[in-house]
1. So MET32 fits all but one of (1) more than 10 Å from the ligand (Cβ to nearest atom); (2) in a strand (DSSP E or B); what number is the exception?
2. Being outside any helix (DSSP H, G or I) and modelled with pLDDT of 95 or more is the requirement here; does SER114 meet it?
3. Got at least one residue in the stretch 93-100 being farther than 24 Å from LYS136 by Cβ, within 13 Å of the ligand (Cβ to nearest atom) and either more than 19 Å from the chain's Cα centre (by Cα) or not β-branched (Val, Ile, Thr) (or both)?
4. Quick one: in the stretch 39-59, of everything that is of a type in the set (A, V, I, L, M), more than 20 Å from ILE172 (Cα to Cα) and assigned to a helix (DSSP H, G or I), which residue is most open to solvent (accessible area, probe 1.4 Å)?
5. Name the pairs: first residue in the stretch 68-81 and more than 6 Å from the ligand (Cβ to nearest atom), second residue open to solvent by less than 20 Å² (accessible area, probe 1.4 Å) and of a type in the set (Asp, Glu), Cβ to Cβ under 6 Å, at least 6 apart or on different chains?
6. How many residues are assigned to a helix (DSSP H, G or I) and modelled with pLDDT under 95 if we restrict to the stretch 162-201?
7. Go through (1) out of contact with any strand residue (DSSP E or B) (no Cβ under 6 Å at 6 or more places or on another chain); (2) open to solvent by less than 10 Å² (accessible area, probe 1.4 Å); (3) without any contact (Cβ under 8 Å) to a residue 60 or more places away in the chain for LEU141 and report which single condition fails.
Amino acid sequence: MLFMTTVGFIGSGNIGSTVARLAIAGGYDVVMSNSRGPEALADLVADLGPHARAATATGAAEAGDLIVVSIPVKAIGAVPVAPLAGKTVMDTGNYYPQRDGAIAELDDDSASSSELLARHLGDAHVVKVFNNIFFKHLAALARPTGSDRSALAIAGNDPAAKAAVTAFLDAIGYDAVDAGPLDAGRSFQPGTAAYGGMYGEFSNEAGTPANSDVIRAVLSK
Ligand SMILES: NC(=O)c1ccc[n+]([C@@H]2O[C@H](COP(=O)([O-])OP(=O)(O)OC[C@H]3O[C@@H](n4cnc5c(N)ncnc54)[C@H](OP(=O)(O)O)[C@@H]3O)[C@@H](O)[C@H]2O)c1
């Protein structure tokens, strides 16, 4: 498989910027975007260094071989569609009605937030990942290899997209645990046992390593 070299970010907040920093350390270039335009990302891009640049959301979507969507769920409808056709899209989103407003299909669980994104995008291959780890733990727990390497759950319908995400996670310091198809992403959404607790308390920014066995066990609860 070709090494995918550029990661495009739709959303550059806590989690997007953390994944970007890990991606650069793993050998990728990143293209960051937000809702306010590239000028508002000047400080972040300067901080990330020469392998980062800012663009519009459409520009980031066009530039990325791999894409990270890391925005409030209420903004899914604004994610560019055409430039993401056929691409692997990592979805970090979580539905919080107090932030996102009530979304009927999520409230009655007829769809998950990742399924709403997948439906909006049509031809993209959405993989749910990164949604169940506090961004400070994500930064702190990355490891090149070894017994204290942590794992992240992934869920998606396209095997090649999941393989691409698994390779990306490996490059940025994590193993992957395949939780199944996209609808199985419900097993690590807010309110589940696999929603974050295994990586430690928020008050401990260093986090607690949680390897593949730990993640598999908590997913099966
Ligand atoms: N914080 C965590 O530890 C964490 C962990 C895992 C998952 N999550 C989930 O991941 C998502 C992002 O969380 P976060 O904490 O990173 O949020 P955040 O810090 O508030 O950042 C949100 C980002 O999304 C951008 N955005 C909003 N609307 C957009 C649009 N229409 N087009 C492009 N970009 C848009 C914002 O840009 P502007 O600033 O310009 O509006 C900002 O860059 C949420 O669904 C959250 O629940 C968070």
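1. Only one criterion is unmet by MET32, namely (1).
2. Taking the combined requirement at face value, the residue does not satisfy it.
3. Checking the stretch 93-100: at least one residue is farther than 24 Å from LYS136 by Cβ, within 13 Å of the ligand (Cβ to nearest atom) and either more than 19 Å from the chain's Cα centre (by Cα) or not β-branched (Val, Ile, Thr) (or both).
4. If we take residues in the stretch 39-59 being of a type in the set (A, V, I, L, M), more than 20 Å from ILE172 (Cα to Cα) and assigned to a helix (DSSP H, G or I), then ALA46 is most open to solvent (accessible area, probe 1.4 Å).
5. From residues that are more than 6 Å from the ligand (Cβ to nearest atom), the pairs are VAL69/ASP91; LYS74/ASP100.
6. The number of residues fulfilling the criteria is 1.
7. So the condition that LEU141 fails would be (3).
Listed here are the residues, each with its yes/no results for (1) aliphatic (A, V, I, L, M); (2) open to solvent by 10 Å² or more (accessible area, probe 1.4 Å).
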site	(1), (2)
VAL129	yes, no
VAL165	yes, no
PHE168	no, no
PRO181	no, yes
TYR195	no, yes
SER203	no, yes
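The values are calculated or read from the model by the stated rules, or taken from the named source; none is laboratory data. From a predicted model like this one, the values you see are computed outputs, not experimental measurements. Glycine gets a Cβ as well: all are built from the backbone with ideal geometry, and neighbour counts include every protein chain shown. Please note that ligands, DNA and RNA were not included when accessible areas were found on the heavy atoms of the full protein model with its side chains. Shrake-Rupley method; radii C 1.70, N 1.55, O 1.52, S 1.80 Å.
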